[in-house]
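Readers should treat all values here as calculations from the given coordinates under stated rules, not as data from a laboratory. This is a predicted model, so every value here is computed, not measured. When we count neighbours, we look across all protein chains shown, and the Cβ atoms used for this are built from the backbone with ideal geometry, even at glycine.
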């Protein structure tokens, strides 16, 4: 049994992989100040609410892009499962992977996980992973497994919260896709501008990526959307080949497998 943990700027996502599939997933808000004991208790409660036992966890893999939150989560994992089976995704693990990492000191470990999962899903083809998280990211991997580049923009929730926090009279609105671009009230107007605007931006970015790939390499190109908000922009279904909200967890699972295989060969 594998426990994968992805610490993001907005949420910490947990996934338990067992018997060839993801048996249980949960998420909690990222809290930089959560005490170690509270973190241990929260993880224990999730296991106790299922038929899964923490005693059956054979490996744990942790990815974090929030350094201040990492110690409490890592400490809880070490306390619950033991140091021998916990792997933290960082530069030392990248050399075990089937992809070439561009600027390993700068790229987020979540984007590396996305790249590994995308590359393994569509082998012998170029892949772009569009991750709808706190940031909207586009990670493009060549058919040879080279990360060719990344684009980053504010995420949907980030954009709406910024609009709400920096204006005096605009409300915070739900992320519901509008039927018309012509907003008939304030909430509808924000939904139109942000959600339809992001749809246009994503389509344009994909077009530009495809155009540049055609100039550089002669290969098939696939697009995968992931992240908790990947299913909101319904018109994008026409320009993406797959939607997998837990692609990052799947990438962490693969990284764990590659790392363990390498360790066994030593």
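For segment 232-263 versus segment 67-146, the spacing of their alpha-carbon centroids is 10 Å. Legend: ranking of residues 121, 95 from fewest to most surrounding C-beta atoms inside 10 Å; resulting order 95, 121.
Taking a quarter of the surface of the Cα convex hull of segment 2-88 gives a mean projected area of 5.1 nm². Among 210, 45, the order by Cβ neighbours within 10 angstrom, fewest to most, reads 45, 210. Relative contact order, whole percent, for segment 106-264 stands at 27, derived from Cα pairs under 8 Å and 6 or more residues apart. Take every DSSP beta bridge whose two residues both sit in segment 100-251, then give the antiparallel share in percent to the nearest 5. Rounded to the nearest five, the antiparallel share is 60 percent.
Counting neighbouring beta carbons within 10 Å and listing from fewest to most, the residues 6, 238 come out as 238, 6. Among bridges DSSP assigns within the chain, what percent are antiparallel (round to 5)? Bridges in the chain that DSSP calls antiparallel: roughly 60 percent. Would you kindly give the portion of the calculated P(r) for segment 73-220 that falls above 18 Å, as a percent of all Cα pairs? It works out to 67 percent of all Cα pairs.
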